Amino acid sequence: MKRVVEKVKDIVEICPFTHLHDFAADPGLTLAGYHFTDITADLMSKWIERIAAIRPGNGAALALAGFRGVGKSHFLSVLGAIAARPELRSRISDPHVASTAERLSRRHGPVAVVKRGSGESLRDELKRAVGPMLGVDPATLSDSLYDILLRASEQSGDVPLVVLIDTAFGRGSRVSRDDGSILSEIADAAKALGVFVGVALDDDISGADGPNASISTDFNIDYLDQEHLYKIVDSHIFAKHNRMQTVLHEIYEDYRVELPGFRWSEQRFTSLYPLHPAIVEIAPLIRLYIHDFALLGFAAEAGVKILGRPANSLIGIDEVFDGVETRLRQVDELQDAFAAFDTLEREVVAKTPVLFRHPAKLILKGLLVLSLNGEGVTASELTASMMIFGNEDSATPSLNIEQLLDSFSATVPQAVERISREGLLNRYCFRVSSKVDVDTSLTDAIDNVPVGVPWNVLIGHASEKWTEFDPSQDATLLSVQWRGGIRRGELIWPSTPESDTPVRERKEKPDWTVRVEPDQEEAQPAEEKGSISWKLGKLTADERTSLCKYHLLLSDQNIRASYGEGLSKAINLHSIAVEKIWHRVFLRDSSLCFGGITYRFSDEASGSQQLSQIFKLMLEPIFENQYPAHPTFGVPVGFKPASELISSFLSGSGRNNLDIQTLAEKIAVPLGIATEVGGVLVPTPAEELIELDLVKVAFAGADLGGVVPLKDTALRLQAPPIGLTKEAQHILLAALIAQRQ
């Protein structure tokens, strides 16, 4: 690895970070310690707006999904603090959220926090939350969920009752209950009574199948992605000095050259630096066994220790291992794995030549941590994750990682598995007892899973990630802005043999069409001229198996019953695998194809949380190639600005108004229908107007002595190379009419 003179402290500044454990202990501190990103600010504003809109007989039920450790509990606690304590709202750091919070009542709001897992049932836990608000013994409350919420809402008066449901703080194990049906009852009662219910969907109650399937019907589910953690690390923990971006780029390029398995993008690397990107991926796995492991808190503490190191040093997985090893060793399911770990340290690592002993120990640590996903790693992936570089002196031999891993497997074959498949690199994995037991019992049931299930699991995950996507519809309607034009389009989703969704009739042709094309036998979309193909990545056999197992864990009652306490952990483990598969298939290994050109999904697009934003970024180069003659407007040309320009500027009634002049500058001038006269914009004269290229295109080949169908002019103007949207077309035609043309 190339030597660098800069230190980590020359590139980043470690920002003060408050690591909270119990979010309910101090609402003021909980709010002050919350770092909003654009993702969570939009989400928080949306939930606050729903609370502000609550009226008698018009309640709301919202749920928040996402991996453990992504920040669901902190989000709900901040929401509760904002709703209950008006005096704290001045401390809201995000202006968008602060503005939205002004819609709430200035009176203290009643907030009932239901702690799942603190009682024998969710009904019992709801009573415990509501009883103190009413000043009564919870045991005296009715068993009827409707009656409990009715009594609490009557007590709250004009201020809406807010009920927040989250897993109890400090639980040593997950909640082993199927609470889906009772949550749906609470949602129905809340909507009828005018109550707001917000739920953090933990791994034991998330999912669209099985006994908890009603949740997806009765709750509006938002997904909190790990993407916002990257933004918090970048902005609120490791703030980068802009002048050092070149150095970061050079370090990243060195990693890519020296470590072929370094698969993370430059954007991801830069945002997390000096935290190794692999740590964010393993954090949910660590939390399977250590429930209070906090990625952000770990990053802040580790960052202080690394400041004096060379700039090409990273906080690595070995530091995570060292920080959690003692507690992991106390987990029953990991006892066999750690026994094998100790054997390998004595029998293999200790006998390795001194030159290689330290990297060999790093490889051993990394293998154990990365085996928690049950899939294992290749030698190349492990090398990149642990940052094991070869020696700069080519005369000095390097550690053979593959050979070392083979020796691990040969020494304790019952504990370290070598997975060999034709055409693929060998994978190595510590056997974790819970994962082995889960896979053994699931394998026999896979043969009975319908062929379309893997695709349905991916589609279900997509509907959680993208709120605009409704899997019950054959198309998703989206609008994107490009050069100021609002281009309305649609994503056409493939039908499957099981699908009975009727194809919706389109009243007008969209500006763009993207057809989703999965590489699966059960989904065969028809091609259409002029449409853009979204070619998804191909599912591997192993990925199909993982998706089927996840489906069984959610829906098969016999399998669910056989796991007992281990069910939620098995679901969580497989949900992590589903997330990785989904991201690879839909984004990392997918592409848009149009006109013989393939467009790979950019890092920025892949990190976006909305389909409209993804396609705004991805369609831009396609539009640039297809419509090079499209004018560039200074503002979005929607219905309102188009109407104002036609009624005021082109008609002459309000032409000199400053706002109308600004609109004319930003829209009419690019179209060529406005000219400056004496410092004021006026409509272009008729003799100049009819000579405009846009006008000539609109009426090319038309019989100007007769009737010219508007449909024909629209087809010419919206075709390449111009591609005008309907609002811009209307403005252009109105300019001709205003000049009596």
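The values are calculated or read from the model by the stated rules, or taken from the named source; none is laboratory data. Computed from a prediction, not measured in an experiment: that's the story for all the values here. In this analysis, Cβ positions are derived from the backbone assuming ideal geometry, glycine residues included, and neighbour counts consider all displayed protein chains. Keep in mind that these areas ignore ligands, DNA and RNA; they rest on the heavy atoms of the full protein, side chains included. Shrake-Rupley method; radii C 1.70, N 1.55, O 1.52, S 1.80 Å.
What is the residue count in the stretch 292-317 for residues that are open to solvent by less than 40 Å² (accessible area, probe 1.4 Å) and either outside any helix (DSSP H, G or I) or touching a residue at least 40 places away in the same chain (Cβ under 8 Å) (or both)? Matching residues across the stretch 292-317 total 16.
State yes or no: is residue 367 at pLDDT 95 or above and either surrounded by fewer than 18 Cβ atoms within 10 Å (Cβ to Cβ) or within 30 Å of the chain's Cα centre (by Cα) (or both)? Against the criterion (at pLDDT 95 or above and either surrounded by fewer than 18 Cβ atoms within 10 Å (Cβ to Cβ) or within 30 Å of the chain's Cα centre (by Cα) (or both)), residue 367 qualifies.
Would the stretch 634-646 turn up any residue that is in contact (Cβ under 8 Å) with a residue 40 or more places away in the chain, under 20 Å from residue 511 (Cα atoms), in a helix (DSSP H, G or I) and open to solvent by 60 Å² or more (accessible area, probe 1.4 Å)? Scanning the stretch 634-646, I find at least one residue that is in contact (Cβ under 8 Å) with a residue 40 or more places away in the chain, under 20 Å from residue 511 (Cα atoms), in a helix (DSSP H, G or I) and open to solvent by 60 Å² or more (accessible area, probe 1.4 Å), so the answer is yes. Here residue 534 meets the list (1) assigned to a helix (DSSP H, G or I); (2) more than 22 Å from residue 263 (Cβ to Cβ) almost entirely, failing just condition (1). Annotation: of all residues in the stretch 421-452 being β-branched (Val, Ile, Thr) and open to solvent by 80 Å² or more (accessible area, probe 1.4 Å), the one that is modelled with the lowest pLDDT is 440.
Conditions tested, residue by residue: (1) part of a loop (DSSP other than H, G, I, E, B); (2) among the hydrophobic types (A, V, I, L, M, F, W, C); (3) surrounded by 13 or more Cβ atoms within 10 Å (Cβ to Cβ); (4) in contact with a helix residue (DSSP H, G or I) (Cβ under 7 Å, 6 or more places away or on another chain).
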| position | (1), (2), (3), (4) |
| --- | --- |
| 681 | no, yes, yes, yes |
| 712 | no, no, yes, no |
| 716 | no, no, yes, yes |
| 734 | no, yes, yes, yes |
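Taken together, the criteria exclude residue 658 from residues that are surrounded by 15 or more Cβ atoms within 10 Å (Cβ to Cβ) and at pLDDT 90 or above.
Per-residue answers, yes or no, for (1) farther than 24 Å from residue 189 by Cα; (2) touching a Gly at 6+ places or on another chain (Cβ under 7 Å):
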{"site": "56", "(1), (2)": "no, yes"}
{"site": "61", "(1), (2)": "no, no"}
{"site": "66", "(1), (2)": "yes, no"}
{"site": "97", "(1), (2)": "yes, no"}
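Screening the candidates 352, 343, 326 for the property of being without any contact (Cβ under 8 Å) to a residue 24 or more places away in the chain, out of contact with any Phe, Trp or Tyr (no Cβ under 9 Å at 6 or more places or on another chain) and either farther than 30 Å from residue 117 by Cβ or surrounded by fewer than 17 Cβ atoms within 10 Å (Cβ to Cβ) (or both) yields one hit, 326. Here residue 276 meets the list (1) touching a Ser or Thr at 6+ places or on another chain (Cβ under 9 Å); (2) over 30 Å from residue 331 (Cβ atoms) almost entirely, failing just condition (2). Please verify whether residue 621 is in a helix (DSSP H, G or I) and out of contact with any helix residue (DSSP H, G or I) (no Cβ under 9 Å at 6 or more places or on another chain), treating the condition exactly as stated. In short, yes. Looking only at residues in the stretch 580-613 that are farther than 18 Å from residue 458 by Cα, in contact with a strand residue (DSSP E or B) (Cβ under 8 Å, 6 or more places away or on another chain) and part of a strand (DSSP E or B), the one that is most open to solvent (accessible area, probe 1.4 Å) is 600.
Can you find even one residue in the stretch 38-55 that is open to solvent by 10 Å² or more (accessible area, probe 1.4 Å), touching a His at 6+ places or on another chain (Cβ under 6 Å) and aliphatic (A, V, I, L, M)? Yes, the stretch 38-55 contains a residue that is open to solvent by 10 Å² or more (accessible area, probe 1.4 Å), touching a His at 6+ places or on another chain (Cβ under 6 Å) and aliphatic (A, V, I, L, M). Hey, among 233, 280, 247, which residue is touching an Asp or Glu at 6+ places or on another chain (Cβ under 6 Å), modelled with pLDDT of 90 or more and open to solvent by less than 30 Å² (accessible area, probe 1.4 Å)? Every option except 247 fails the conditions.
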